[in-house]
Amino acid sequence: MTSFVVPCIIAFILLYGLIKKVDVFDTFIEGAKEGLQTTAQILPALVAILTAIAMFRASGALDAFTAALSPVSDALYFPKECLPLALMRPVSGSGALALYRDIIAQNGPDSFAGRVASVLQGSTETTFYTIAVYYSVTKVKNTRHTLPSSLTADFVGYLMSALTVRLFFGT
């Protein structure tokens, strides 16, 4: 049954276009062309972000930040195993996913750190990536309050992930 969902949606779109007398093929080609143009506009920001992430991890800066923030993590009852994930998550979804996989492999999915990492992955955003991509496409130069409010939301997400896991599962 589920294997027919996509073909049914495509058939519905084609049928709807025929009823409304829309040239579906030309409309599809226009949309594909706009998608390629958007990709070309986003590409420089993506390359810059991916390069910065690779340099950040390879230089050992991620480990240094993790060590420096460990006392703060302990005071906030946030598992120190999740600190690298919390630092990487606003920057890179794929980098955060790799760190998440490491946390699960080292601590197990049912550990406190594993559960906090799982909630953190689902409740926070790749803030810098999202801002870079959306603002480069829309040509917005002044982000004003976007970055501070987004990072505040991420921080609250980190704290609430640990608190929520603690409330539901204990330590």
Shape descriptor, the range 50-139: equivalent ellipsoid semi-axes (Cα gyration tensor, sqrt 5λ, whole Å, largest first) stand at 24, 15, 12
In the chain, lysine pairs 8 or more places apart or on different chains with C-alpha atoms under 30 Å apart total 4
Restricting to Cα pairs under 8 Å and 6 or more apart, the percent relative contact order of the range 39-171 works out to 27
Here the range 157-166 yields Karplus 3J(HN,Hα) values (6.51, -1.76, 1.60; θ = phi - 60°; whole Hz; Gly and Pro given as x) of x, 5, 5, 5, 5, 5, 5, 5, 5, 4
Under the helix-only model (-39500 (n - 2.57) for each DSSP H run of 4 or more, divided by the residues of the chain), the mean residue ellipticity at 222 nm, to 500 deg cm²/dmol, is -26000 deg cm²/dmol
In nm, the gap between the two label points placed 7 Å beyond Cα toward Cβ at residue 11 and residue 134 is 3.7
Loop-resident chymotrypsin sites (Phe, Trp or Tyr not before Pro) in the range 4-89 with no more than 16 other Cβ atoms inside 10 Å, DSSP not H/G/I/E/B, are 77
A chain fully extended from residue 59 to residue 26 at 0.36 nm per residue, minus the present Cα-Cα distance, gains in nm 7.0 nm
Listed residues 147, 50, 120; largest mean-square fluctuation, Gaussian network over the chain with Cα springs below 10 Å, found at 147
Karplus ³J(HN,Hα) for the range 94-103 (6.51 cos²θ - 1.76 cosθ + 1.60, θ = phi - 60°; Hz, whole; x = Gly/Pro) runs 6, x, 5, 5, 5, 5, 4, 4, 5, 4
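Counting other Cβ atoms within 10 Å, keep those with at most 15, restrict to DSSP loop, and tell me which trypsin sites (Lys or Arg not before Pro) in the range 85-171 are left.
Qualifying residues, ordered by number: 139, 141, 144.
Bear in mind these aren't lab numbers, they're just calculated from the coordinates by the rules spelled out. Worth saying up front: this structure is predicted, and the values here are computed from it rather than measured. In this analysis, Cβ positions are derived from the backbone assuming ideal geometry, glycine residues included, and neighbour counts consider all displayed protein chains.
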